[in-house]
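Participant: Attaching a single structure in C-alpha cells format; questions to follow.
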Amino acid sequence: MFESWLDWIKSLSMKEIDLGLDRVHQVLKRLDLSLESTVITVAGTNGKGSTVAGLEAIYLEASKSTGAFTSPYLLHYNEQVRLQGKPVSDQILIDAFQEIKKHSENIPLTPFEFGTLAALWVFKQHRLDVVILEVGLGGRLDAVNAIDSDVSVVTSIALDHMEWLGTTREAIAREKSGIFRPGKPAVCGDFDPPLTLIQHAEAIGSPLFCQRRDFEYQENGFHWNWWSDNKQFCDLPKTALALQNMSTVLKVVELLQPSLPVKREAIDRALKRVTLPGRIQVIPGKIKKILDVSHNPASVALLSDYLKKNPVLGKTRAVFSMLKDKDIFTSLKVIKNVIDHWYIAPLRTSRGMSEDKLRDIFQKENMKNWKMYACIEDAYKTELDDANENDRIVVFGSFHTVAEILRLLSLTDVQ
C-alpha cells in the first residue's frame with residue numbers, strides 16, 4: 001500500500017520542478033496547518049543536510065522534541081521525515097498522504113509540494129519543541145518557504161540549478177534569502193556572502209549574522225574553537241561533518257538559547273555522534289570506500305580537498321556519474337588530479353547523463369584511465385575486483401550514484 005502511494009505521488013505532475021507558493025498556501029489554508037513549534041528553515045547550495053543533522057543532534061541531546069524534513073532521500077522515502085531523529089513509519093506517512101490528498105482536491109501539486117505538506121501535517125500532530133525544514137531548491141519559491149521560520153539559515157551560495165535560480169551568485173543569493181522574515185534572525189554560513197543577500201536582509205529588517213563577520217571558528221588539532229560577540233566555546237570535539245556547517249549550527253543554537261536552552265555538555269555529545277549518510281561517508285575495510293553525494297563544483301571541490309588531505313599508499317579509484325543538468329566539466333576539473341582510475345556509467349533516472357554524453361565529456365576533457373560500464377553496479381563491482389589493499393574507492397557525483405552503491409552494499413556481503 002505504501003509503495004502504491006509513492007507511485008501515485010510521483011504521477012501527480014508532469015513537471016518535477018514547478019516553483020511557486022500559491023498551491024501550497026491554498027492547501028495550508030484548507031488544513032489550517034500552522035506549527036506552534038520553533039521553526040528553523042535551512043537553505044543553501046551545499047551543506048543543508050549537514051546543518052539540519054547538526055541542529056537535530058544538538059536539540060535531541062538537549063532533550064528537546066524534534067521534527068526534521070530533508071530531501072532528497074538515499075534509499076527510503078521515510079528518510080525525509082524524521083521524529084526524534086528517526087524516520088517515521090509507513091503508516092504515519094500514509095495517514096498524512098490521505099489528509100493531504102483530501103484537502104488538495106483540484107489543486108495540481110507537484111510531488112515535492114505534496115511531500116512537504118505531508119511532513120508538515122506529521123509535525124502538526126506532535127507537540128514538538130523544534131522543527132527543522134530543509135529547502136528543496138532555492139528558497140523564495142520553494143514549498144518549504146510557505147511556513148514562517150523563527151530563524152532562517154543560508155549555508156552557502158554557489159552556482160547550481162542556474163536554469164531556475166539565476167546564472168550568478170548574486171542572483172542565486174537573492175533567491176535563497178527569500179526565506180528571511182522581517183524581525184526574525186537570519187544566519188549565513190558562506191564565507192563570502194553576496195551583497196544581494198545582505199541587502200535583502202537589511203531591506204526587510206531581518207537581523208543577519210554572517211560567518212567570519214559575526215561568528216567564527218578555528219581548527220585546533222583534534223578539537224576546534226568557536227566564538228561570536230556573545231559566546232565562546234573552546235576545545236569542541238571534531239565531527240565527521242564540515243566545521244563550516246557546524247559553526248553555522250552553533251550560531252543558530254546561540255540565537256535560540258532563550259527559547260530552546262542548550263548546555264555545553266549536550267553540544268559536545270551531539271558533535272561526537274552526528275553523522276550523515278553519503279557526506280564523505282567512510283566505510284572502513286581492507287579497501288576503504290568513501291561515499292559522497294557531491295554533485296556540483298563547490299561540493300566536489302570539498303571532496304577533492306578531503307582526498308588531498310587524507311592520501312593513501314595505493315590508487316584512488318572513482319565510481320562516478322552525474323545528472324545531465326549539472327556542471328560536469330568544472331566538477332571534473334577540480335578533482336581529476338586526485339583520481340587515478342575512473343569507472344563511469346549512466347544513472348537509472350531520466351535526469352541522468354547518458355552514456356554517450358559521459359563518453360563525449362571524458363574524451364573532450366582528455367581524462368586518463370577511464371572505462372565505461374552499462375550501470376553503476378557493474379562499474380563498482382569491476383572497480384572492487386581491480387582494487388588492491390592499499391587502494392581506496394570513491395563514489396560520487398549524485399545522490400543517485402551513492403544510493404545505488406548503498407543499496408548494493410545493503411544487499412550483499414561485498415565490503
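The values are calculated or read from the model by the stated rules, or taken from the named source; none is laboratory data. Since we're looking at a predicted model, the values are computed, not measured. Don't worry about glycine lacking a Cβ; one is built from the backbone with ideal geometry, like all the others, and counts go over all protein chains shown.
Participant: Take the residues in region 335-376 that are at pLDDT 95 or above and hydroxyl-bearing (Ser, Thr, Tyr); name whichever of them is surrounded by the most Cβ atoms within 10 Å (Cβ to Cβ).
Facilitator: The extreme case among them is Tyr343.
Participant: Same structure, new question: Being in contact with a strand residue (DSSP E or B) (Cβ under 9 Å, 6 or more places away or on another chain), hydrophobic (A, V, I, L, M, F, W, C) and part of a loop (DSSP other than H, G, I, E, B) is the requirement here; does Leu35 meet it?
Facilitator: Numbers: in contact with a strand residue (DSSP E or B) (Cβ under 9 Å, 6 or more places away or on another chain): yes; hydrophobic (A, V, I, L, M, F, W, C): yes; part of a loop (DSSP other than H, G, I, E, B): yes.
Criteria met by Leu35.
Participant: Which of the residues spanning region 304-334 are crowded, with 23+ Cβ neighbours inside 10 Å and not in a strand (DSSP E or B)? Even if it seems obvious, please write down each step before you answer.
Facilitator: Within region 304-334, the subset crowded, with 23+ Cβ neighbours inside 10 Å is 317-322, 328, 331.
The answer is Ser321, Met322, Ile328, Ser331.
Participant: When only residues in region 98-131 that are in a helix (DSSP H, G or I) and of a type in the set (Lys, Arg) count, which is surrounded by the fewest Cβ atoms within 10 Å (Cβ to Cβ)?
Facilitator: Within region 98-131, the subset in a helix (DSSP H, G or I) is 98-103, 111-124.
Going one step further and asking which of them are of a type in the set (Lys, Arg), we end up with 101-102, 124.
On the way: Lys101: 17, Lys102: 10, Lys124: 20.
Step by step, filter region 98-131, then rank; the result is Lys102.
Participant: Of the residues that make up region 392-401, is at least one within 27 Å of Asp325 (Cβ to Cβ), in a helix (DSSP H, G or I) and not β-branched (Val, Ile, Thr)?
Facilitator: Of region 392-401, the ones within 27 Å of Asp325 (Cβ to Cβ) are 393-401.
Narrowing further to those that are in a helix (DSSP H, G or I): 399-401.
From what is left, the residues that are not β-branched (Val, Ile, Thr) are 399-400.
Checked region 392-401: at least one residue is within 27 Å of Asp325 (Cβ to Cβ), in a helix (DSSP H, G or I) and not β-branched (Val, Ile, Thr).
Participant: Does Asn369 satisfy being without any contact (Cβ under 8 Å) to a residue 60 or more places away in the chain, touching a strand residue (DSSP E or B) at 6+ places or on another chain (Cβ under 6 Å) and farther than 18 Å from His295 by Cα?
Facilitator: Values: without any contact (Cβ under 8 Å) to a residue 60 or more places away in the chain: yes; touching a strand residue (DSSP E or B) at 6+ places or on another chain (Cβ under 6 Å): yes; farther than 18 Å from His295 by Cα: yes.
Judged against the criteria, Asn369 is a match.
Participant: Separate question: In region 19-34, what residues are at pLDDT 90 or above and in contact with a helix residue (DSSP H, G or I) (Cβ under 8 Å, 6 or more places away or on another chain)?
Facilitator: Listed by number, the residues that qualify are Arg23, Val24, His25, Val27, Leu28, Arg30, Leu31.
Participant: Given Gly189, Gly139, Gly85, which one is free of Cβ contacts under 8 Å to residues at least 60 places away in the same chain and either out of contact with any His (no Cβ under 9 Å at 6 or more places or on another chain) or basic (Lys, Arg) (or both)? Steps first, answer last, please.
Facilitator: On the way: Gly189 fails: free of Cβ contacts under 8 Å to residues at least 60 places away in the same chain; Gly139 fails: free of Cβ contacts under 8 Å to residues at least 60 places away in the same chain.
One residue alone meets the criteria, Gly85.
Participant: Given the criterion more than 24 Å from Thr330 (Cβ to Cβ), assigned by TED's automatic domain parsing to the domain that holds Ala298 and touching a helix residue (DSSP H, G or I) at 6+ places or on another chain (Cβ under 9 Å), identify the matching residue among Ala387, Ala345, Ala374.
Facilitator: Details: Ala387 fails: touching a helix residue (DSSP H, G or I) at 6+ places or on another chain (Cβ under 9 Å); Ala345 fails: more than 24 Å from Thr330 (Cβ to Cβ).
Testing whether each residue is more than 24 Å from Thr330 (Cβ to Cβ), assigned by TED's automatic domain parsing to the domain that holds Ala298 and touching a helix residue (DSSP H, G or I) at 6+ places or on another chain (Cβ under 9 Å) leaves just Ala374.
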